[in-house]
Structures are given as C-alpha cells and as structure tokens.
Amino acid sequence: MSMRTVDWTTLRPRAQEPAAEGLRERKKRLMRQQLSDTATEMFMERGFDAVRVAEIAEACGVSEKTVFNYFPTKESLVLDLGEATLESLRTTLADPGLPPVEAARTILARELQGLTSWIAAQADPIQAKAALVRFGILIRSAPSLRAYQRDMADRLIAAATEILAERTGMNPDDPEPQIAATALLGLWPVQFQALRRHLGRDLTPAQLHQAITADVARAARLIEAGLNTLEPATA
C-alpha cells in the first residue's frame, strides 16, 4: 500500500463546505492534496530534513513557488490539521449554545471521525494503521516539526482565549479565559496520545474510535465541572 496522508479537508466542518465546488476550486484542492501526499511519502522514506521543497515541487511537476503558494512552510505540508482545528474553534466554540467542553469534544469527535473513516476506507486497515504510526514517528523525529506543533498549540490556545473572553464579556488578559482555553486545548494531546496507544491494538476502526473517545471523555469529565462555571462577567 502506498503511504498516503489523511485527507485533512474531510475534517472541515460541513457547514463551511461550498455548496458546489467549481472546477477551479477542485483543481486547487487536488493539487494541495497531491503536494501534501507526495511530501509525506518523501519525508517518510528519507526523513524530513533530508528532503528539499524543490524536490517535492519537481516530483509534482510544479515550481517551488507554487508549493509555497499552497503551504507557507515546509512543516505545514504535513501538519495542516491545526488550521482546520482553528477554523472549528472559531465556529463551534464560539456557539453560545454549547458549553465549552461539549464544543471541544464536538470538534475532537469530528477530527477523529476523519481519521477512523480514512482507515476504514483503505484496502488494508492494518497497513493503514501502521502508516499512521510511522507518520507519528516522523513528527516526533524532526525538531522543526515538533516546534511547529508547539507554535500551533499556542495559536489555538490564544484563539480559544479570545473566543471564551468574547463569550463571557471578559478581557482576554483575564485569568479565567486563559486557564479555560489552556484546559480545553489540553484535550487534543489526550486524543493524540490515545490514538498512538490504541493504534497498536487489534481494533476495528469503529472500536478504535470508541476507545479513543472514551479516553477523551475521561479527561473531559475532569475539567468539565470547572469550565462549566465560566460565566459571563458581571458589571
């Protein structure tokens, strides 16, 4: 099986999908996926630092400038899930009808569904899970990718802080939205660690989804009582 990355575009909230994708939009989406898939295959084979962006461009038959038109950095070629999460925070977490923890779990469930659906769609789910394990090893082996993840985590916490401050009429500099955002975004590493742990087990995609969801639920219960007391500021 050829190693192919998960199509992160499937993780976008359905409400944000265009009603009808035009030819130009489709070509751009397919090119973006080709660049990401090709880059990941090359990184997996030779290591992240050993592959130049110019080589990825050549393999895809485009210029290096074209690659950077789609992906601002080399790291974002393989780590663009954070951008989808950021968009989800701006919509789902901003919904005043959803408690913060429920909103976070909704986003996480959607992202997890994208992963497990991808596994289920492969001809050999065992090899697909093994590919995801190797992908995780790739991320952990490259300092620049780990740094990119940390920077993205900071961006997500900052965005969540702004949203929670807006929801409660507080200032983003207030301690309550800051700690609430940090706690909420802490659920993402829990999901990633659960994925890493359960991928090695003999589970169907549905069982994998259930096991990871249960781990996230345990972590969410620990912070839920405190976050649900986050009330609008009084004058």
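The values are calculated or read from the model by the stated rules, or taken from the named source; none is laboratory data. These figures come from a predicted structure and were not determined experimentally. Glycine gets a Cβ as well: all are built from the backbone with ideal geometry, and neighbour counts include every protein chain shown.
Taken over the range 191-210, residues that are surrounded by fewer than 17 Cβ atoms within 10 Å (Cβ to Cβ) and aliphatic (A, V, I, L, M) amount to 1.
When R32, R24 are checked against the criterion of being at pLDDT below 95, surrounded by 17 or more Cβ atoms within 10 Å (Cβ to Cβ) and of a type in the set (K, R), a single residue qualifies: R32.
Rundown of residues vs (1) assigned by TED's automatic domain parsing to the domain that holds A104; (2) not aliphatic (A, V, I, L, M), yes/no style:
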residue: E58; (1), (2): no, yes
residue: G61; (1), (2): no, yes
residue: V67; (1), (2): no, no
residue: Y70; (1), (2): no, yes
residue: T92; (1), (2): yes, yes
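Of M1, M44, all but one fail to be part of a helix (DSSP H, G or I), in contact with a helix residue (DSSP H, G or I) (Cβ under 7 Å, 6 or more places away or on another chain), modelled with pLDDT under 95 and under 17 Å from A131 (Cα atoms); the exception is M44. I126 passes every criterion in (1) touching a residue at least 24 places away in the same chain (Cβ under 8 Å); (2) surrounded by fewer than 20 Cβ atoms within 10 Å (Cβ to Cβ); (3) under 22 Å from L208 (Cα atoms) apart from (1). Residues of the range 68-101 that are among the hydrophobic types (A, V, I, L, M, F, W, C), part of a loop (DSSP other than H, G, I, E, B) and over 19 Å from T229 (Cα atoms): F71, V78, L79. Within the range 143-155, identify whether any single residue is more than 21 Å from the chain's Cα centre (by Cα) and at pLDDT below 95, and answer yes or no. So far as the range 143-155 goes, no, none of its residues is more than 21 Å from the chain's Cα centre (by Cα) and at pLDDT below 95. Just one of (1) more than 16 Å from the chain's Cα centre (by Cα); (2) among the hydroxyl-bearing types (S, T, Y); (3) farther than 17 Å from M152 by Cβ; (4) surrounded by fewer than 17 Cβ atoms within 10 Å (Cβ to Cβ) fails for T38. It is (4).
Would a scan of the range 157-171 turn up a residue that is touching a residue at least 24 places away in the same chain (Cβ under 8 Å), exposed (fewer than 15 other Cβ atoms within 10 Å of the Cβ) and more than 15 Å from the chain's Cα centre (by Cα)? Checking the range 157-171: at least one residue is touching a residue at least 24 places away in the same chain (Cβ under 8 Å), exposed (fewer than 15 other Cβ atoms within 10 Å of the Cβ) and more than 15 Å from the chain's Cα centre (by Cα). As for the range 172-181, it holds at least one residue that is over 26 Å from L77 (Cα atoms), surrounded by fewer than 14 Cβ atoms within 10 Å (Cβ to Cβ), assigned by TED's automatic domain parsing to the domain that holds T92 and of a type outside the set (D, E, K, R).
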